[in-house]
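**Student:** The following block contains the structure, expressed as structure tokens.
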């Protein structure tokens, strides 16, 4: 192959993978903005429609590691293309849905396809480049992920305003189709010939079986009764599936979770911090998307709501450029602790909400949450990959990425449950709708503040670890850290991992 053909192939894989990660992350972050419009069209309550968010994350958690393994064994390009095809199918299903149940089903399928696109896309990019070119390419990929996640709510709002909520999914399907064509034309196949062909399917299924009943219990426990047979049965099933998962991981040839990693204190604590960060930002986006658009409170249109979230979404990415240097100067765990403390303060400020608040009262708390998230996400992700040996970087990255999906699912379900339950209770007591809604937002925000304080505790016990030097690539990794773990200059490997 000539140098020209090689350069063309690298450009092709770079464009295909960066464009696909941008559209996947934009799609993911936009959905909360769409929920009121979907509720109006389908007749399903926004409380039930939270499963369009949590279902995506649940399935993503179960497939993010396994999809990377499938690519290593059967061909990264092939599995990446299957992921894109499944993503297109899910977009079409959602866009044509006339019921909330079909939207939720489509989003669950989208969780599997999105995780596959991210995992195999990064692997394709990593094996197509070397040295400084590889570091630059992965940085572009991280930047694309960050931009997509930040722009998603605004993009969703614009499309609802100009057309309908279905427009987002038609646009996403079109972009994914273009990525498929570009991949077929320019990307070479690759696989890991030294890897065992064993795939931990049982582990993936048990992750889903652990999370699904647990989140269901969180979501429906208030209606069923927290000590009801249904709630306790769901929790018992989750616990049993969790124990079964551990038993399976001890026996399979290539486990999706190497249990030996759980003896690494820095990795475990940083992963919990990542879970908390992902959970609270997703909980926040769910809450403010609904509150801002409710006609009894601010009554924003989807476009106005998308604009209103920019202090949080764009602010989180903007601050990330400065974080690696701060971590290099003051220490990663110190910056993580400060970040979670600021996030908790931002949530606490939102917890003081009253029905009379205008949007201007939310701006500084949203900026505080964004600043805190930006400070904590990057160093926590850097610690996860810096705390292990080179051969374990891919596994550590996979664990932290799975934790993001778990955090998003659990925290969104918890926020939705608290928000809906408090609103229902206050409404039953005869309070005006606006007062009930502000009470629901306050209660959920105080819960997110308490969870953020747990992040401070994680930072305290994290321990010392290699710190990133604060390079431009480190800034790109920090910007994308709220959606994916990328290697930094602190990672003990010469090349980025080729598994998620």
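**Student:** Mind listing just one residue for me: the one in segment 182-200 that is touching a helix residue (DSSP H, G or I) at 6+ places or on another chain (Cβ under 7 Å) and under 30 Å from residue 406 (Cβ atoms) and, of those, modelled with the highest pLDDT?
**Tutor:** The selected residue is 183.
**Student:** So, one more: Out of segment 192-215, which residues are over 19 Å from the mean Cα position of the chain (by Cα) and in a helix (DSSP H, G or I)? Can you show your working first?
**Tutor:** Taking segment 192-215 as the starting set, the residues that turn out to be over 19 Å from the mean Cα position of the chain (by Cα) are 192-203, 205-206, 209, 213.
Within segment 192-215, 201, 202, 203, 205, 206, 209, 213 meet the criteria.
**Student:** Taking the options 95, 115, 108, name whichever one is out of contact with any strand residue (DSSP E or B) (no Cβ under 7 Å at 6 or more places or on another chain) and under 17 Å from residue 199 (Cβ atoms).
**Tutor:** On the way: 95 fails: under 17 Å from residue 199 (Cβ atoms); 108 fails: under 17 Å from residue 199 (Cβ atoms).
Result of the check over 95, 115, 108: 115.
**Student:** Another question about this same structure. Hey, among 241, 247, which residue is closer than 30 Å to residue 35 by Cβ and at pLDDT 90 or above?
**Tutor:** 241
**Student:** Being within 15 Å of residue 479 (Cα to Cα) and either surrounded by fewer than 24 Cβ atoms within 10 Å (Cβ to Cβ) or modelled with pLDDT of 95 or more (or both): is that true of residue 362 here?
**Tutor:** On the way: within 15 Å of residue 479 (Cα to Cα): no; either surrounded by fewer than 24 Cβ atoms within 10 Å (Cβ to Cβ) or modelled with pLDDT of 95 or more (or both): yes.
So residue 362 does not fit the description; no.
**Student:** Looking at segment 392-412, is at least one residue part of a helix (DSSP H, G or I) and farther than 26 Å from residue 336 by Cβ?
**Tutor:** Step one: list which residues in segment 392-412 are part of a helix (DSSP H, G or I), which gives 392-412.
Restricting the remaining residues to those that are farther than 26 Å from residue 336 by Cβ gives none.
For segment 392-412, residues part of a helix (DSSP H, G or I) and farther than 26 Å from residue 336 by Cβ: absent.
**Student:** May I ask you to say which residue of 450, 443, 424, 434 is assigned by TED's automatic domain parsing to the domain that holds residue 346, in a helix (DSSP H, G or I), free of Cβ contacts under 8 Å to residues at least 24 places away in the same chain and surrounded by fewer than 24 Cβ atoms within 10 Å (Cβ to Cβ)?
**Tutor:** On the way: 450 fails: free of Cβ contacts under 8 Å to residues at least 24 places away in the same chain; 443 fails: free of Cβ contacts under 8 Å to residues at least 24 places away in the same chain; 434 fails: free of Cβ contacts under 8 Å to residues at least 24 places away in the same chain.
None of the others qualify; the one that does is 424.
**Student:** Any residue that is in a helix (DSSP H, G or I), surrounded by fewer than 19 Cβ atoms within 10 Å (Cβ to Cβ), more than 20 Å from the chain's Cα centre (by Cα) and in the same structural domain as residue 396 (by TED's automatic domain parsing) - is there at least one of those in segment 21-36? Spell out the reasoning first.
**Tutor:** First, pick out the residues of segment 21-36 that are in a helix (DSSP H, G or I): 21-36.
Pick out the ones that are also surrounded by fewer than 19 Cβ atoms within 10 Å (Cβ to Cβ) and you get none.
Checking segment 21-36: not a single residue is in a helix (DSSP H, G or I), surrounded by fewer than 19 Cβ atoms within 10 Å (Cβ to Cβ), more than 20 Å from the chain's Cα centre (by Cα) and in the same structural domain as residue 396 (by TED's automatic domain parsing).
**Student:** Here is a follow-up. Do any helices (runs of 4 or more DSSP H) lying entirely in segment 229-332 carry at least 3 residues that are over 30 Å from residue 196 (Cβ atoms) and without any contact (Cβ under 8 Å) to a residue 40 or more places away in the chain, and which ones are they?
**Tutor:** On the way: elements: 229-251, 265-293, 302-308, 310-320, 323-330.
Fully inside segment 229-332 and qualifying: 229-251.
The values are calculated or read from the model by the stated rules, or taken from the named source; none is laboratory data. Bear in mind the structure is a predicted one, so any value in this text is a computation, not a measurement. Cβ sites come from the backbone with ideal geometry, for glycine too, and all protein chains shown count toward neighbours.
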